[in-house]
1. If you take the residues of segment A:217-276 that are of a type in the set (S, T, N, Q) and at pLDDT below 85, which of them is nearest to A:THR201 (Cα to Cα)?
2. Identify the single condition in (1) open to solvent by 30 Å² or more (accessible area, probe 1.4 Å); (2) at pLDDT 90 or above that B:GLN88 does not satisfy, given that it satisfies every other one.
3. Looking at (1) more than 19 Å from A:GLY67 (Cα to Cα); (2) open to solvent by less than 40 Å² (accessible area, probe 1.4 Å), which one does A:ASP114 not meet, given that it meets all the others?
4. Kindly check whether there is at least one residue in segment A:141-148 that is in contact with a helix residue (DSSP H, G or I) (Cβ under 8 Å, 6 or more places away or on another chain), assigned by TED's automatic domain parsing to the domain that holds A:TYR46 and open to solvent by 60 Å² or more (accessible area, probe 1.4 Å).
5. Quick check on segment A:446-502: of everything there that is of a type in the set (Lys, Arg) and open to solvent by 30 Å² or more (accessible area, probe 1.4 Å), which residue is farthest from the other protein chains (Cβ to nearest Cβ)?
6. Test B:ALA72 against the stated conditions and say whether it is buried (at least 18 other Cβ atoms within 10 Å of the Cβ) and either part of a loop (DSSP other than H, G, I, E, B) or not polar (S, T, N, Q) (or both).
7. Could you check, for segment A:286-299, whether at least one of its residues is assigned to a strand (DSSP E or B) and either without any contact (Cβ under 8 Å) to a residue 60 or more places away in the chain or among the basic types (Lys, Arg) (or both)?
8. For segment A:578-592, what are the residues that are within 26 Å of A:GLY651 (Cα to Cα) and either open to solvent by 30 Å² or more (accessible area, probe 1.4 Å) or not assigned by TED's automatic domain parsing to the domain that holds A:ASP517 (or both)?
Amino acid sequence: MRPSRSVGRLLTGAFGVLVLLIVCSGVAETTALVMQHRVVRELSAYVQPLELANAELRSVLGDAQRGLRGYLLTGDSQLLDSYQVARTAYTTSSRALTGLARADERASINDQLDRADIWWQHAEQQRLAVPRSDTAAAYVSQGRPLFEAFAAENTQFDAALAGRAANLQKRSSRLSTVTTAVVVALTLLAAVTAVLAAVVTTRRITLPLAGVVAVIDRRRVGALNSRADATVGPTEIRAVAQAVNELAEEADRTRVAEAAVARQRGEVRALGYRIRAHLKVEDAVREALDGLSTTIGADHVLLRMAPGQTGLPPVASLRDEHAHGVLKELAEADATWLRTGDVWVTNDPAPTGEVEPSEAERRAWAAVGDGPVLTVAVSGGEECLGALTLIRDTGPDWTPVEVRLTEVVAADLGRGVHLARLYEREQHLVARLQELDNAKTDFMSTVSHELRTPLTSIAGYVELLLDADAGEVDPPQRRMLDVIARNTRRLRELIEDMLTLSKIETGSFKTARRPVDLVALAEQALTAIGPAADKGEVRLKPELDGPQELTADPEQLERVLMNLLTNAVKFTPAGGTVTLRVYRADGEVNVVVADTGIGIPPPEQEALFTRFFRATNAIHQAIPGTGLGLAIVRTIVDNHSGRISVESTEGAGTTVTIRLPTR
Amino acid sequence: MTVVLVADDDADIRDLVAFKLEQAGLEVISVEDGQAALEQARSRQPTLAVLDVSMPGLSGIDVCRMLRADQATAGMLIIMLTARVQEQDVEGGFSAGADDYVTKPFSPRELVSRIQALLSRTRA
């Protein structure tokens, strides 16, 4: 069986064989029936009538013999009558027997009839004899052997007939057996053929079909290179495999085309990002022109800016020489026929009458060549910034996808130009602000320096006087000099704090971020504040939990710690306690400075971080201060993305908590 | 007698320092700018120079660097007076070769004790 044969032909063959077997079976059955019928007919129409006729003959002859013998022995004429009746019947019977007989039995029948005739001749003589005479008796005994001879012949024929009937029955029975065997055999053969056909068909359809199905399944889960084997299996399955392969090819082609479009779309998106990333208008335009030529595929890309777009190049071309060469006419043509959101494709002109290229524009296109021209409006915000024209020297025409993608790039270019212009303005502003900031810092620095020089003289001379270097001073004079000294110191602190605040606020304060252990800084700060605390009889209570690393400016943090501790010590009466706690919680380093000082009146707590703010109770108690310390702390904590909070109860104490992120 | 050179463009501060140093038993030469300081340092060979950082013309740091570069004055003790507390100024002073620095506004008492500490250290 060739593997290429069709299943249809196979099935046709199998059914042909089946039909043949069924026909054979029918023929055998019919034959058997006909034969059976013949046997029955032979028996009923010939053998049995013959037997009956034979028996009748014997009966008739027997009646004749018995009548004659009785007459001879008794002289009863009635008996002679019955002989006569029998003699008449014999003629009928013998004729019937002869009529029934066929050639091969005729000899036997004639023998019998001859015997009968011999008897009849003898009987006719006897009939004439006188009854009950010796002659009659002698006749009787002479007639007996003759009758016996007939009877013997009759019996023999009967036996022959019986034998023939038996023979016929035997033949019929044998035929029936043979027929049954043949039919059973044919039926079995048919069954086997049917089963074989079913199995072979199933196998030859199922296996290759399963192969095709497996290929479809594999493709569905992503094995796109799978192809059905169209060289095996029956013709029909090959046709299916072929169809599946063609579908797969088609799907692959579609997929490849879609992938190409998707890739192009991705490139356009990336191009959009690049265009918008440029901070200069010229760079954004250049990126768009180059990107369009490579991504969409164009021989010429021309950007004409709408009139009145100051600060932008009026015309930009993919290759500058083209703007003065082949594109010269187009570059000079007015593109104002195109409004925000408009598109014109020469190979697919818009049916709406709203967009209509000018005559000059059409002439300019013709001057470039016969290739398809695509013109898209470039819009930034509400205004139309200009027109972007893409030209191919020779086909292919612009596809709807390319037109759409070009529109996307044009939109990105519009946004990019818009952003770049905003950015340029912003940059200008920033530069001016920077200048102002630098001027301010320089001014602060100069002012502070200029203030410090006279302060040095005042402080120095006051010190000389107080040290009695210029002669003894009396107590009232000393008190006055103390006031001058204290205010000089306050002025100095004020200048330092203002300078610091100015620097950290403008960002020119050199922030050197590096890993810092806040606990180490806290220990240094505690050491530094030690003398002041001793002098004020304030107990320092450190609660420092291990090294606490964070990325920060150590000098700024040191200032924070110093300002907070200085405040705490300054506002805590003798006998009080200042606690410095450093620990980590929720990924942040917490710094807590708690004192048992005078506290801050509740209405004033809000204003605590305002510059030059001083609590009323501090002023009443004449505790010195610049009012800048906490403003500096607040600014530094903000610079480090930290948070600061204050809890205070007037007369009981203040707790300042700072939370700093570790990075 | 130990001679100390004091250079500051502010006359009041110059007088203040001179007064305090003379009281401490030192001989003082006062000058008002860097150029004069350099000349006096070369001609009078003082043991120690107190130089203000910001002076018109040659700054204290320039003078310091030049003194250190000159064989004759390289061993002179130098204290800088600086109005700025920023690290870079201090570093500038030290890299120019100053032995110590005092930030303005300073205490005359502290300046004298620093000078005496330097002098005693070199004598010892």
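The values are calculated or read from the model by the stated rules, or taken from the named source; none is laboratory data. What you see is a predicted model, and the numbers here were worked out from it, not measured in a lab. When we count neighbours, we look across all protein chains shown, and the Cβ atoms used for this are built from the backbone with ideal geometry, even at glycine. Just so you know, the surface numbers come from the protein's heavy atoms only, side chains and all, with ligands and any DNA or RNA stripped out. Shrake-Rupley method; radii C 1.70, N 1.55, O 1.52, S 1.80 Å.
1. Step one: list which residues in segment A:217-276 are of a type in the set (S, T, N, Q), which gives A:225-226, A:231, A:235, A:242, A:245, A:254, A:264.
Then drop every residue that is not at pLDDT below 85, which leaves A:225-226, A:231, A:235.
Numbers: A:ASN225: 30, A:SER226: 26, A:THR231: 18, A:THR235: 13 Å.
The selected residue is A:THR235.
2. The failed condition is (2).
3. Condition not satisfied by A:ASP114: (2).
4. If we filter segment A:141-148 for residues that are in contact with a helix residue (DSSP H, G or I) (Cβ under 8 Å, 6 or more places away or on another chain), which is where we start, we get A:142-143, A:146-147.
Checking which are assigned by TED's automatic domain parsing to the domain that holds A:TYR46 leaves us with A:142-143, A:146-147.
Still in the list and also open to solvent by 60 Å² or more (accessible area, probe 1.4 Å): A:142.
Yes, segment A:141-148 has at least one match.
5. So the first thing to find is which residues in segment A:446-502 are of a type in the set (Lys, Arg), and the list is A:452, A:478-479, A:486, A:489-490, A:492.
So of that shortlist, the ones also open to solvent by 30 Å² or more (accessible area, probe 1.4 Å) come out as A:478-479, A:486, A:489-490, A:492.
Details: A:ARG478: 16, A:ARG479: 20, A:ARG486: 14, A:ARG489: 9, A:ARG490: 12, A:ARG492: 6 Å.
Selected residue: A:ARG479.
6. On the way: buried (at least 18 other Cβ atoms within 10 Å of the Cβ): no; either part of a loop (DSSP other than H, G, I, E, B) or not polar (S, T, N, Q) (or both): yes.
In short, no.
7. Going through segment A:286-299, the residues assigned to a strand (DSSP E or B) turn out to be none.
Checking segment A:286-299: not a single residue is assigned to a strand (DSSP E or B) and either without any contact (Cβ under 8 Å) to a residue 60 or more places away in the chain or among the basic types (Lys, Arg) (or both).
8. Applying the first criterion (within 26 Å of A:GLY651 (Cα to Cα)) to segment A:578-592 yields A:578-582, A:590-592.
Residue satisfying the conditions is A:ARG581 alone.
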